[in-house]
1. Could you work out how much longer the chain between residue 8 and residue 29 gets when fully extended? Use 0.36 nm per residue separation minus the Cα distance between them, nm to one decimal.
2. Just check the stretch 1-65 against the gyration tensor rule for me: Cα atoms, a ≥ b ≥ c as the square roots of the eigenvalues, rounded for a/c under 1.5, and otherwise prolate or oblate depending on whether a/b exceeds b/c.
């Protein structure tokens, strides 16, 4: 049994490495805003320089948390993958 639960937290800042092609990757920093759907794929949504960036989850290689979101009272989670 895991003693600590790890999760991507809305409002936290991350450094993200994702694949562009089989041999190329891109790195960016952004604030995680939620999940969405692109076609039939689940995407993570980040605020990058005032713009929303959606990255297909299966293309993400590495995510480093740079700054944790301020703690808020725990809310009931939904299973929806839609952003907005």
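Just so it is clear, none of the values below were taken in a lab; they were calculated from the coordinates. Just so you know, these numbers come straight off a predicted model, no measurement behind them.
1. Values: separation 21, 0.36 × 21 = 7.56 nm, distance 1.41 nm.
Gain on extension, residue 8 to residue 29, equals 6.2 nm.
2. Details: a/c = 1.42, a/b = 1.26, b/c = 1.13.
Rounded, since a/c falls under 1.5.
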